[in-house]
Structures are given as C-alpha cells and as structure tokens.
Amino acid sequence: MLQLTRFALVFTAISNATASLLLRAGHEAELATRAVKGEETARVLADGTVEVVGSLELVGAMGGVSGEAEALGWASVLSARALIWTVVVSGGLYGFGMSLNDIIDRRRDAQLAADRPLPSGRIGLWTAHLICGLMLVIAAVGAWRLSVHLGDDHVALVLAGVVAMLIAGYDLAGKYLVAFGLVLLGVIRFLHASIPAPGLPMVWHPLLLLNHVTVLSAICYAMERKRPVLTRRHVLMTAGILVLANASVFAWLVFKRGDGALPSLAELGFGERLFGPAVAVAVFAVIAAVMIRRGTLSYVGAGDQRSPGRALMLLGLLWLIVYDAAFVMTHVDVWVGLAVAGLLPTAWLSVKLMRGFSRMIELSERPNYIRGEA
C-alpha cells in the first residue's frame with residue numbers, strides 16, 4: 001500500500017466490523033432462546049431489527065428463530081462466509097481511504113514529507129489511482145456478497161457506499177473543516193461498524209466507537225498543533241455536532257419502533273454486561289490523561305513536539321480493539337472475545353514491522369543532496 005504503516009491499522013477496522021457481526025449473532029441467538037423458552041416471541045428481520053409476533057408457532061412459520069438455533073447458540077446464527085466478507089469490506093474501505101488520502105495530499109507531502117511513496121516517486125500516480133480504485137472495487141464486491149449472506153436486501157452494500165462517500169468527503173474537504181471533520185471521523189467508524197449489523201442489536205458498541213474516535217481525534221489534533229488551530233469555538237462546535245450525532249441515533253431507534261416511544265434501557269441492552277466496556281473506557285481515560293500530561297510537558301523541550309499526539313492517536317486507535325473484545329466477551333462468548341483481543345498485538349506488531357520496512361526502503365534509495373548556501 002501507499003502508506004504501509006497506516007494501513008497496518010486496518011486490523012482496528014476489521015475488529016470493529018467483526019465484533020458487530022458477532023454481537024448480531026449473539027443477539028439473534030438470545031432472541032431464539034427467549035422464544036423457545038416462551039419468555040418472548042420474536043423474529044429477526046433481514047435488516048437485523050426485531051418484530052414481536054403472536055406465538056411461537058408463528059415465529060417458525062414466518063421463518064424466524066427456532067429451537068435449533070437456541071440449542072446451537074450464536075455459532076448457529078453466524079455465517080463463516082459473512083465473517084470472511086466482513087473482513088474483505090473492512091480491508092477494502094480502509095485501503096481506499098488511505099490511498100485516496102495519499103493521492104489528494106501528494107503536493108502537500110512533497111513539501112512536508114518528501115520521503116513518502118508518492119512524492120518520492122517510489123509509486124507512480126497512475127499506480128496509486130489503480131490501487132485506490134481496486135480497493136473500492138474489493139469493498140463493493142465484499143459488501144454485495146455480505147448482503148447476500150445476511151439476506152438484508154443489500155443494506156450492507158448501501159451502507160458501504162455511504163461510508164466510501166464519507167471517506168472521500170473527509171479526504172477532499174472534511175479534514176480542513178476542523179469540527180465537522182473531527183465528528184465525521186467518528187461517524188465513519190460508526191457506520192462502518194454498522195455494515196454487518198444495520199439493526200444496531202447492541203447500539204452502545206458503535207456509539208462508543210463514534211464518541212471515542214471523535215474525542216480522541218480532537219485531543220490529538222490539539223496536541224499535534226495542526227492547522228487551522230483548534231480554538232474554543234471549534235471545541236464547542238465539535239461537542240455540539242457530536243451530541244447531535246448521538247441524538248440522531250436514538251431518534252432513528254424511535255423511528256424504527258414505529259410507535260414513537262423511546263426504547264427502554266432494557267431493550268437497549270443497558271445493564272451489568274456493559275461493565276466490561278465501561279472498565280475499558282476508564283482504563284484508557286487514565287492512560288490518556290498521563291500521556292497528555294507528559295506530552296504537554298514535552299512542548300518545552302527539544303525533539304518532535306508532535307510525537308506525543310501521534311503516540312496517543314496510535315494507542316487510541318488500537319484501543320478500539322479492546323472495546324470490541326470487551327463487548328464480545330460480555331455479550332457473546334468469553335473465548336471469542338479473547339480471539340478478537342488477539343487482533344491487538346497483531347495490529348501493534350504490524351505497525352512496528354511496517355515502520356521498519358518503510359525505513360529499510362528509504363535507506364535503500366539514493367540520497368538527495370541539497371546544496372547549502374553560505
């Protein structure tokens with residue numbers, strides 16, 4: 001890829017989408033259990049929403065959940081092919097965003113980071129466009145096949161298209177609009193995680209991704225002293241837009257119900273099983289506070305003053321995998337959650353390896369000598 005180090009973070013996107021698919025499977029299996037036990041009669045619609053019906057017999061007749069699903073648990077609901085295509089979609093969209101960003105920023109990078117693949121000439125512009133287009137095609141094909149396996153009337157394909165457009169919008173203009181761009185990063189994470197589970201069976205999962213990425217991006221934007229400078233007005237605008245984004249999600253949940261009533265906390269899955277994700281949030285908040293404190297102190301010393309912000313951003317993105325694992329552990333299965341957590345060291349090692357590989361490529365090139373003037 002054009003920027004191998006950043007592309008290594010594709011594991012965070014894969015983790016987000018995979019966790020959503022697993023949470024959907026766990027939710028559907030839980031509904032099956034309740035229906036079979038007679039506690040509740042419901043069926044899962046194609047888009048992941050739930051419809052309450054009159055009797056257990058009617059559930060089976062309408063193609064809903066069954067006793068077999070209850071016996072097998074979430075594994076009977078989860079499709080291996082859907083899992084594979086979910087990974088394909090995440091990889092394609094992430095690669096598309098990274099390559100498009102490098103293409104758009106190539107002139108700016110030529111002045112500020114001439115050693116990057118495009119400005120240095122290691123990759124030609126035509127090749128870069130080819131990679132970008134190929135990634136988009138891969139994402140589209142993956143979303144189409146995912147829709148087929150989920151039977152969601154191509155909802156996953158539509159969501160993937162929306163995410164691709166938002167990524168392009170951010171790369172082209174959003175990142176220069178400060179407040180809007182910061183929230184847009186969170187919205188992209190939210191919608192991407194919703195591709196395999198558009199019904200939002202566990203709404204707190206994508207909402208956490210939305211808020212974490214937005215707040216993290218704002219803090220790191222200030223720490224790296226990017227331009228335009230983050231002012232108090234920008235902070236207030238970011239907070240306002242973020243509140244509006246969260247409110248829009250709950251407004252959609254009310255609309256989905258059809259009766260105009262706000263879902264209860266129990267229906268939203270608010271309970272003791274959120275303790276694990278809450279602990280993960282608290283732990284990151286403590287770590288981030290320490291890093292921010294150290295980063296602020298480093299501004300008075302020598303060295304790269306942007307490195308503390310970059311380090312926090314890297315940790316914050318990798319921490320998304322911790323959130324995913326926490327949700328899967330408490331809502332699906334502990335061992336499956338641990339498997340998701342295994343993506344964290346994989347992503348970290350990938351970043352380290354890609355950084356080393358990039359340095360090797362730079363060292364292998366002929367040096368550019370600049371004539372000094374007295």
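Below is a table of values for the structure above.
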item	result
Residue list for region 271-287, filter: of a type in the set (A, V, I, L, M, F, W, C), over 13 Å from Gly316 (Cβ atoms) and in contact with a helix residue (DSSP H, G or I) (Cβ under 9 Å, 6 or more places away or on another chain)	Leu274, Phe275, Ala278, Val279
Candidates Ala341, Ala347 - the one that is modelled with pLDDT of 95 or more and under 15 Å from Phe11 (Cα atoms)	Ala341
Checking Arg225 against (1) modelled with pLDDT of 90 or more; (2) not in a helix (DSSP H, G or I), the condition it does not meet	(1)
Within region 228-256, tally of residues that are loosely packed, with under 13 Cβ neighbours inside 10 Å and either in a helix (DSSP H, G or I) or in contact with a strand residue (DSSP E or B) (Cβ under 7 Å, 6 or more places away or on another chain) (or both)	11
Looking only at region 242-284, and only at residues there that are farther than 25 Å from Asp324 by Cβ and within 22 Å of the chain's Cα centre (by Cα), the one that is modelled with the lowest pLDDT	Ala251
In region 159-206, the residues that are over 17 Å from the mean Cα position of the chain (by Cα) and among the hydrophobic types (A, V, I, L, M, F, W, C)	Leu172, Ala173, Leu177, Val178, Ala179, Phe180
Residues located in region 324-338, provided they are among the aliphatic types (A, V, I, L, M), modelled with pLDDT of 95 or more and surrounded by 24 or more Cβ atoms within 10 Å (Cβ to Cβ)	Ala325, Ala326, Val328
Test: residue in region 150-167 that is surrounded by fewer than 18 Cβ atoms within 10 Å (Cβ to Cβ) and either small (Gly, Ala, Ser) or touching a strand residue (DSSP E or B) at 6+ places or on another chain (Cβ under 8 Å) (or both)	yes
Any hit, region 196-214, residues being in a helix (DSSP H, G or I), touching a Lys or Arg at 6+ places or on another chain (Cβ under 9 Å) and surrounded by fewer than 22 Cβ atoms within 10 Å (Cβ to Cβ)	yes
Top-ranked residue in region 1-48 [being of a type in the set (S, T, N, Q) and either over 19 Å from the mean Cα position of the chain (by Cα) or surrounded by 22 or more Cβ atoms within 10 Å (Cβ to Cβ) (or both); ranked as modelled with the lowest pLDDT]	Thr41
Long-range neighbours under 8 Å by Cβ, at least six apart or interchain, first residue surrounded by fewer than 14 Cβ atoms within 10 Å (Cβ to Cβ) within region 262-290, second in a helix (DSSP H, G or I) and at pLDDT below 90	Leu262/Leu253; Leu262/Val254
Region 174-192: number of residues that are crowded, with 20+ Cβ neighbours inside 10 Å and aromatic (Phe, Trp, Tyr)	1
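The values are calculated or read from the model by the stated rules, or taken from the named source; none is laboratory data. Remember, it's a predicted structure, so these values are computed and weren't measured experimentally. We place every Cβ from the backbone using ideal geometry, glycine too, and count neighbours over all the protein chains shown.
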